[in-house]
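What follows is a set of notes on a single structure, which appears directly below.
Bear in mind that the values in this text are calculations on the coordinates, not laboratory data. Just so it is clear, the model here is predicted, and its values are computed rather than measured. We place every Cβ from the backbone using ideal geometry, glycine too, and count neighbours over all the protein chains shown.
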Amino acid sequence: MKTTKRSLLASGLAVLVCIAMLAGTTFAWFTDSVVNKGNKIQSGSLSIDAYAYDLDKDGTGGFTIEGVNGGKPFTFEEEGQNLKEDSSPILNETLWEPGKSSAKLLKVQNNGTLAAKIKLDFTVIDGGLQDALWFDFVQVKDGQVTGQFTKRPMSELATIAQNLELPVLKDESLQFILVYGMNEEAGNEYQDKSFSADIILNATQYTEEEDGFGNNQYDKDATYNTIINGQVVDLKKDDETGIYINEADPTDTTKYIADEESLFAFAKMATASTTTYAASSEPETYVMAADVDLSGQAWESLVLPSGKKLVFDGNNHTISNLNSAVTSDNKINYAGAGFIGCTTGGEVTVKNVTFDGASVSVSDGGDNNQTYAGVIVGHNNDAKLTLQNISVKNSKVVCHWQTGGIVGYSSSDLVMTACRVEDSFVGGSKATAGTLFGLGIVNFSATDCVSRNVRLYTDNTNEFGNSIWDRKAVDNGQYQYGSIYEYANKGKIFTGVNNIVENVTIVNQET
């Protein structure tokens, strides 16, 4: 037994000695390594430059466009205007006359590393000359004109450009010629008129590059910058109100409308009566950042609080398919239908907006003499109402009292500039109706306004025993009745000038 214990002790001592001898030594393993430094992900760049070239008889190019310039080629200057560095207008035409035409060569260069797509945006201001002008875009490829020239009315400029989206790949350029002119048959009514347009070139990514899985469609939903009055704004929806704000500029108090939800949010905010409006206070300003389609939605005509100061700027966008229907029970006053149903004092401005396919109506349960309808304002009660650059088209306004394409009735200052009613129906039984406005106190003026292809209906007669549609201006010292063409031609109490009326017809039924 003692022998076994001695053996175990000896073995344990031997292990300890071995461990002691191994202390400070290392084990040798077979090893290898690969070192890969400098890994990075580099973003591409989106960089677009644009140039405009004037006509130059000694210049280069020689672009022949069939049907324009008598078959003679257009030549342009060699050094163009860099639109990033020089923001002066590329169109500056003076002393134009019927039959005159011109052209600009526009070039877009992709100097970035990513493929891009571009879109043109025109902000148009018509000073009464638009209907006498025409234009077209003709693309240039490999130094040659492609496509066919189509003479288009200048009124379609913003729409055509908005629907034009073209790709420009890396290190490539895109060229097209903007041709424009004045119709030969333009008459004297177009003297001393003007037309202007701001041009914005927007670019975003195009579906060209592939990701790591071979997919080149991840850019297909890339959006463009939002441009407001020539400036890029960073819009963010306020979750509490539903309206958009400019996240990049906290000092910007403007409220923005970019979809259907935010348009209804505007309606809620504009009709809130929590603010007292001092004479010196600034108006609430709302600006559209996108077109809005109200198909299938009922629009409750806005009843603005007393003294409201409001600016609604459509920013050359369109509100489609507005449906405003008001029912009067013959017991209420001022049943007004329209985008804005009623105002009471204050100052209201609506500008730079198109209403396409609007349906506005007031139906009453009796012989109510206080129903009013207009696409923009039904009843303007003592507010200073300013309407600028408004277009109403393909619309129907039905009411049995004061009915207008734009305003039903106005009891106070009403100024219309560059407003249009086209391809629409206005009127109703017992109505006082007009293409622009139905009835108003004398202090109303319209300048550079247009009524075209409008059907007017009423079976009413006025106190003088004449149908209000006999084209005799009615003035009893207090009221103005009827449509633009009566007063534009008479020059009696219609204080505006340069108004145009074409194909306004009287119908004897509501169609």
Note on the stretch 48-205: the mean projected area of its alpha-carbon convex hull, in nm², is 9.3
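Using Cβ contacts closer than 10 Å as the measure, can you line up Thr505, Thr349 from fewest to most? The partial results should precede the final answer.
Numbers: Thr505 10, Thr349 17.
Fewest to most other Cβ atoms nearby, the residues stand as Thr505, Thr349.
Could you pull out the GluC sites (Glu not before Pro) across the stretch 99-191 that fall in loop regions by DSSP (anything but H, G, I, E, B) with no more than 16 other Cβ atoms inside 10 Å? Write down the numbers at each step before the final one.
Details: sites: Glu156, Glu165, Glu172, Glu184, Glu185, Glu189; in loops: Glu172, Glu184, Glu185.
Here the sparse-neighbourhood loop sites are Glu172, Glu184, Glu185.
Would you mind ranking His400, His379, His317 so that the residue whose beta carbon has the fewest other beta carbons within 10 Å leads the list?
Values: His400 24, His379 32, His317 19.
Fewest to most other Cβ atoms nearby, the residues stand as His317, His400, His379.
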What are the ³J(HN,Hα) values, in whole Hz, obtained from phi via the Karplus relation 6.51 cos²θ - 1.76 cosθ + 1.60 with θ = phi - 60°, for each residue of the stretch 289-302 in sequence order, with x given for Gly and Pro? 10, 6, 5, 10, 10, 9, 3, x, 10, 8, 9, 7, 3, 6
Taking amide H positions as placed 1.01 Å from N in the peptide plane, with prolines and chain starts having none, which residues 5 or more places from His317, or on another chain, fall under 5 Å of its amide H? Thr354
Sorted by Cβ density within 10 Å, fewest first, the residues Trp134, Trp299: Trp134, Trp299
